[in-house]
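Just below is one structure, and these are the notes that go with it.
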Amino acid sequence: ATPKEVVEAARRGNCRSIAYTYTEPTVFFEFAYETAKLAHADSIQNVFVTNGYMTPEALEMIHPYLDAANVDLKAYSETYYTDLCGARLEPVKETLRLMKSFGVFVEVTTLVVPGLNDSHHELEQMAQFLVNDLGPETPWHISRFHPTYRLTDRPPTPMATLLTAREI
């Protein structure tokens, strides 16, 4: 489908928004950008579901057409990002800050993985970052981990850990 066909289908379906998800939207950035521009012109909102690992230049380009984003803040540890994601934490934090400064509605999601990002200290650090850098109104979705793929050696996230995260 072309960007124009996507927007036409959204209009026919009376969709109020288009979510760019399942594959990191920056992987198909040019397509998402062209679609978002057309959708915006048609009063259809645009939402990225993203790992937050994008350049400031890409965000500068898309932000006039990006209404909201759900960003995975996978951990608050450089080691986690380096070892498990092959990435770095700071660019994700910068993306979140930049989105907020551009007026994009931001939600954050964290998959809490036992033994990797579930310490009380790390959860507190994440919460402090969200409140101090993004604002206390920023929704934080805390998700339960279930063993799969490369992390079958870990148990599901205990409910007590999720409740602790919620309290934090």
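The values are calculated or read from the model by the stated rules, or taken from the named source; none is laboratory data. Remember, it's a predicted structure, so these values are computed and weren't measured experimentally. Positions of Cβ are backbone-derived with ideal geometry, glycine not excepted, and every protein chain shown enters the neighbour counts. All accessible areas refer to the heavy atoms of the entire protein, side chains included, with ligands and DNA or RNA removed. Shrake-Rupley method; radii C 1.70, N 1.55, O 1.52, S 1.80 Å.
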Charges at C-beta only: +1 for Lys and Arg, -1 for Asp and Glu. How large is the resulting dipole of the chain about its Cα centre, in Debye rounded to 20?
420
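Find the relative contact order for the chain and round it to a whole percent, using C-alpha pairs within less than 8 Å whose residues are 6+ positions apart. Spell out each step's value before the answer.
Working: 248 pairs, mean separation 28.2, N = 168.
Worked out over the chain, it gives 17 percent.
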HN-Hα J couplings of region 21-35 from phi, Karplus 6.51/-1.76/1.60, θ = phi - 60°, integer Hz, Gly and Pro as x?
8, 6, 10, 3, x, 6, 5, 10, 4, 4, 5, 4, 4, 5, 5
Rounded accessible area per residue of the chain, 1.4 Å, Å²:
55
Efficiency of FRET from Cβ geometry, TYR149 and LYS100, R₀ 22 Å, rounded to 0.05:
0.10
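Over all pairs of distinct alpha carbons, what does the Kirkwood formula give as the hydrodynamic radius of the chain, in Å? Walk me through the intermediate numbers first.
Values: mean 1/r = 0.0588 Å⁻¹.
Result for the chain stands at 17.0 Å.
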Using alpha-carbon coordinates, inclination of helix 89-101 to the longest axis of the chain, degrees:
50
